[in-house]
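Read the structure below first, then the notes.
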Amino acid sequence: MIENWRTIAIIVLMTLSFIDLSATFYYVYKYKTWQPNKPYKMIELNPLLVFLWNKIGLFFGTLVGGAIILTLTYIVAKEAHYIVVGLLFCFLLFALFNHYTNINLLHNLIIKYPKGHLPVETFGEVIGNNLK
C-alpha cells in the first residue's frame, strides 16, 4: 500500500512537471517572439533555465533543463518524505496557476500592443521594449 502511493505520486508529479516545463517554454517563446530584445532573466525566474537558454538557446536549453528538472522531480517523488512530496505537488499547482494567469496577460498585451512597444506613459521604462 505504501509503495502504491509512491507510484501515483511519481506519475502525478512527473506529469505536472512536464506540463510546467511545456507552459514555461510556450510562454517564453511567445514573449521572445513579441519582444526579442527582452533578456531571459526578465521573463523567467528559474536560474537554471535562464543560464541554459543564454548558453545553448531556448529549445536545447529547455531540453537539457527539462531533463535535469524531471530527474530531480523523480528523485524527490521516489525518495522524499511524504510531506516534501505534498509540498512539491502544491508548488507545481501554484506554478501552473501562475502560468495560466501570465499566459492570458501576455496574450492580452500582444493583442493591445502587437508591435511589442509598450508606452512609457503607461508602463514606465521597460527593459527590452521594442522601438516604435
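Just so you know, all these numbers are worked out from the coordinates, no wet-lab data involved. These numbers were taken from a predicted model, which means no experiment stands behind them. Heads up, the Cβs are rebuilt from the backbone with ideal geometry, glycines too, and the neighbour counts pull from every protein chain shown.
Stokes-Einstein diffusion coefficient for the chain at 25 °C in a medium of 0.890 mPa s, Rh from the Kirkwood formula over Cα pairs: what value in µm²/s?
Details: Rh = 16.4 Å.
Translational diffusion coefficient: 150 µm²/s.
So for Val126, Val50, fewest C-beta neighbours within 10 Å to most, what's the order?
On the way: Val126 16, Val50 19.
In increasing order of surrounding Cβ atoms, one gets Val126, Val50.
Lysine pairs in the stretch 2-123 8 or more apart or on different chains: how many have alpha carbons under 26 angstrom apart?
Total qualifying Lys-Lys pairs in the stretch 2-123 comes to 15.
For Asn54 and Ile68, compute 0.36 nm times the residue count separating them, minus their Cα-Cα distance, and round to one decimal in nm. Write out the running numbers ahead of the final one.
Working: separation 14, 0.36 × 14 = 5.04 nm, distance 1.66 nm.
Taking Asn54 through Ile68 to full extension adds about 3.4 nm, to one decimal.
Calculate, in nm to one decimal, what Lys41 and Asn104 gain on full extension: separation in residues at 0.36 nm each, minus their alpha carbon distance.
20.7 nm
So what J values fall out for the stretch 25-34 if you push phi through Karplus, 6.51 cos²θ - 1.76 cosθ + 1.60 with θ = phi - 60°, rounded to Hz, Gly and Pro as x?
4, 4, 4, 5, 4, 5, 5, 5, 5, 6
Among Glu121, Glu79, which comes first, then next, by fewest other beta-carbon atoms within 10 Å? Show your work: numbers first, answer last.
Values: Glu121 6, Glu79 10.
Ascending number of Cβ neighbours within 10 Å: Glu121, Glu79.
How big is the equivalent ellipsoid of the stretch 1-55 along its three axes, where each semi-axis is √(5λ) from the Cα gyration tensor, reported in whole Å from largest to smallest?
Working: eigenvalues 210, 26, 8 Å².
Here the semi-axes work out to 32, 11, 6 Å.
Would you order Trp53, Trp5, Trp34 from fewest to most other beta-carbon atoms within 10 Å of each residue's own beta-carbon?
Details: Trp53 25, Trp5 11, Trp34 17.
Ascending number of Cβ neighbours within 10 Å: Trp5, Trp34, Trp53.
For every helix of n ≥ 4 consecutive DSSP H residues, a contribution of -39,500 (n - 2.57) applies; sum these over the chain, divide by its total residues, and give [θ] at 222 nm rounded to the nearest 500 deg cm²/dmol. Could the numbers behind the result be given before it?
Numbers: 5 runs with 100 residues, N = 132.
So the helix-based figure for the chain works out to -26000 deg cm²/dmol.
Suppose a student asked you for the relative contact order of the chain, using Cα pairs under 8 Å spaced at least 6 residues apart; what percent would you report?
Working: 101 pairs, mean separation 46.9, N = 132.
Worked out over the chain, it gives 36 percent.
What are the ³J(HN,Hα) values, in whole Hz, obtained from phi via the Karplus relation 6.51 cos²θ - 1.76 cosθ + 1.60 with θ = phi - 60°, for each residue of the stretch 118-132 in sequence order, with x given for Gly and Pro?
These are the phi-based 3J(HN,Hα) values: 9, x, 5, 4, 8, 10, x, 6, 10, 6, x, 5, 5, 6, 5 Hz.
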